[in-house]
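Student: Supplied in structure tokens, the structure appears directly below.
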Amino acid sequence: MGYPGTTLDKVNQDAQTFAQWKVDMLKLDGCYSTPEERAKGYPMMAAALNATGRPIAFSCSWPAYEGGLPPTVNYSLLADTCNLWRNYDDIQDSWRSVLSILDWFVDHQDILQPVAGPGHWNDPDMLLIGNFGLSFDQAQAQMALWTVLAAPLFMSTDLRAMSARNMDILQNPLMIKINQDPLGIQGRRILKEKSYIEVYMRPLVGYSYALVFFSRRTDMPYHYRSSLAQLNFTGSGLHEAQNVYTGDVISGLRTETNFTVVINPSGVVMWYLYPVRNLGSPQQ
């Protein structure tokens, strides 16, 4: 309605009120604020929340209002101020919206990937799983891609009406383990094929990796042939991969071993890749 949610003179009072209410997370949006007010208000609220003594995760919309990129956005300052931040547009309940956000994050991954880590995360916005705009394969794809991007995972759906299949996506234990990996390294797109297949990789603890094979095709399931060597893995170690959605285990993977994954249109195959025996430390 054109009114700010809070004003700078009320920041301390608001923070104390939220702490008294035992709030665990605060998202502070930036509607109808000026750049000057944001530059003062976000650090003020961070300090005020810390002063309450209650751990409250602080989600900022600051960079989204400044175009999301340097030099307008100072990501070092942001990481010192906020725990997570919205960089880009609000997600809508459509596959087109998911792709537009993914494209922006990939186009700017050299800037965005290094600034994420434990306690300070890029936020590509909420999960659409369980709503109306995504097919089942697209729902699996968003969950996998958001996980490899080390995104905060926020459900926004009617839990009373959710299908069992969508519930399985959201509650997948291995997916959540990967998302919450202690290293906190954001993944990257490492390969873009002419066949409209893309490969994303996220390093995990214990020389393990999350790999997402993503199809932008719209025709039919695609048989994608590759090897760890083609994905720039080196070393002579032996690996196994567990399919995050099916649970199937692929054994005996060396860097030169050829494999084939079948990826549905606008779908993913996601692997949890881990070393079985280190004859030489696997490196990417």
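Student: For residue 69, put the label point 7 Å out on the Cα→Cβ axis and report which residues of segment 104-146 keep their amide N under 18 Å from it.
Tutor: 104-116, 122-124
Student: Using unit Cβ charges (K, R positive; D, E negative) and no other charged atoms, how large, in debye to the nearest 20, is the dipole of segment 188-275 about its Cα centre?
Tutor: Dipole about the Cα centre, nearest 20: 320 debye.
Student: Count the net charge of all other residues whose Cβ sits under 15 Å from the Cβ of residue 14, scoring Lys and Arg as +1 and Asp and Glu as -1.
Tutor: +2
Student: What percentage of the solvent-accessible surface of segment 89-139, computed with a 1.4 Å probe over protein heavy atoms, is contributed by carbon and sulfur atoms? If you can, show how the numbers build up before the last one.
Tutor: Working: 1110 of 2240 Å².
Here carbon and sulfur together make up 50 percent of the probe-accessible area.
Student: Answer with one residue from 233, 58, 92: the one whose Cα lies farthest towards the positive end of the charge dipole of the chain, charges on Cβ with Lys, Arg +1 and Asp, Glu -1.
Tutor: 233
Student: Right, here's the next one. Go through 222, 102, 34 and say which Cα lies farthest out towards the positive end of the charge dipole of the chain; charges sit on Cβ, +1 for Lys and Arg, -1 for Asp and Glu.
Tutor: The listed residue farthest towards the positive side: 222.
Student: Next question. With a probe of 1.4 Å, find how much accessible area segment 108-154 has per residue, and write the answer as a whole number in Å².
Tutor: Per residue, segment 108-154 has 31 Å² of solvent-accessible surface.
Student: Once every DSSP H run of n ≥ 4 in the chain is given -39500 (n - 2.57) and the sum is divided by its residues, what mean residue ellipticity at 222 nm do you get, rounded to the nearest 500 deg cm²/dmol?
Tutor: Calculated mean residue ellipticity at 222 nm is -8000 deg cm²/dmol.
Student: Among 13, 138, 180, which one moves the most in a GNM of the chain with springs linking Cα atoms closer than 10 Å?
Tutor: 13
Student: How far, in nm, would the chain grow between residue 32 and residue 110 when pulled straight, counting 0.36 nm per residue and subtracting the alpha carbon separation?
Tutor: Fully extending the segment from residue 32 to residue 110 adds 25.0 nm.
Student: Express the accessible area of segment 1-86 per residue in Å², computed with a 1.4 Å probe while the remaining protein chains stay in the model.
Tutor: Value for segment 1-86: 57 Å² per residue.
Student: Under a GNM of the chain (C-alpha, springs under 10 Å), which listed residue has the highest mean-square fluctuation: 98, 212, 261?
Tutor: 261
Student: Here's another thing I want to ask about it. Percent of accessible area on segment 1-86 owned by carbon and sulfur, 1.4 Å probe?
Tutor: For segment 1-86, the apolar C and S fraction of the accessible surface comes to 54 percent.
Student: Continuing with this model, one more query. Over segment 176-284, give the accessible area per residue in Å² for a 1.4 Å probe, as an integer.
Tutor: Ligands and nucleic acids excluded, the figure is 47 Å² per residue.
Student: Could you work out what % of the accessible surface of segment 188-275 is carbon and sulfur, using a 1.4 angstrom probe and leaving DNA, RNA and ligands out of the count?
Tutor: That share works out to 49 percent.
Student: Using the crude model of +1 on Lys and Arg Cβ and -1 on Asp and Glu Cβ, and no other charge, please compute the dipole size for the chain relative to its Cα centre, in debye to 20.
Tutor: Value, rounded to 20: 560 debye.
Student: For segment 1-86, what's the relative contact order in percent, using C-alpha pairs closer than 8 Å and at least 6 residues apart?
Tutor: Rounded, it is 32 percent for segment 1-86.
Student: By the scheme Lys and Arg +1, Asp and Glu -1, what is the net charge of all other residues having a beta-carbon under 12 Å from that of residue 43?
Tutor: 0
Student: Considering only the other residues whose Cβ falls under 12 Å of the Cβ of residue 60, what net charge follows from Lys and Arg at +1 and Asp and Glu at -1?
Tutor: Overall, the nearby charge balance is -1.
Student: Okay, moving on. Find the Rg to Rh ratio for segment 1-86, where Rh is the Kirkwood radius over alpha-carbon pairs and Rg uses the same atoms.
Tutor: Working: Rg = 12.4 Å, Rh = 13.1 Å.
Reported Rg/Rh, Kirkwood definition of Rh: 0.95.
Student: Provide the descending list of Cα extents for segment 136-201 along its principal axes, expressed in whole angstroms.
Tutor: That works out to 40, 32, 18 Å along the principal axes.
Student: Give the separation of the Cα centroids, segment 193-244 to segment 12-51, in Å.
Tutor: 41
Student: Another question, then. Between 274, 255, 190, whose Cα lies farthest towards the positive end of the dipole of segment 188-275 when Lys and Arg beta carbons carry +1 and Asp and Glu beta carbons carry -1, centred on the Cα centre?
Tutor: 190
Student: How compact and how long is the chain, expressed as Rg and Dmax of its alpha-carbon atoms in Å?
Tutor: Over the chain's Cα set, Rg and Dmax evaluate to 20.4, 63 Å.
Student: What nm value, rounded to one decimal, do you get for the distance between residue 251 and residue 23 when each label is placed 7 Å out toward the C-beta?
Tutor: That separation, rounded to one decimal, is 5.3 nm.
Student: Another question, then. In nanometres, what is the gap between the two model label sites at residue 153 and residue 260, each 7 Å from Cα along Cα-to-Cβ?
Tutor: Once both label points are built, they end up 3.1 nm from each other.
Student: Run the simple label-point estimate for residue 94 and residue 50 please: 7 Å along Cα→C-beta, distance reported in nm.
Tutor: Using points 7 Å along Cα→Cβ, the separation is 4.2 nm.
Student: Go ahead and set up a Gaussian network model of the chain, Cα springs under 10 Å, then flag whichever of 15, 164, 139 fluctuates most.
Tutor: Residue with maximal mean-square fluctuation among 15, 164, 139: 164.
Student: Quick one: pull the percentage of alpha-carbon pairs in segment 176-284 with a separation above 23 Å.
Tutor: 24
Student: Could you size up the charge dipole of segment 160-222 around its Cα centre, putting +1 on the beta carbon of Lys and Arg and -1 on that of Asp and Glu, and report it in debye to the nearest 20?
Tutor: Around 160 debye, computed over segment 160-222.
The values are calculated or read from the model by the stated rules, or taken from the named source; none is laboratory data. Note that this is a predicted model, so its numbers are computed, not measured. Note that each Cβ is placed from the backbone with ideal geometry, even for glycine, and that neighbours are counted across all protein chains shown. Note: accessible area is taken over every heavy atom of the protein model, side chains too, but ligands, DNA and RNA are not part of it. Shrake-Rupley method; radii C 1.70, N 1.55, O 1.52, S 1.80 Å.
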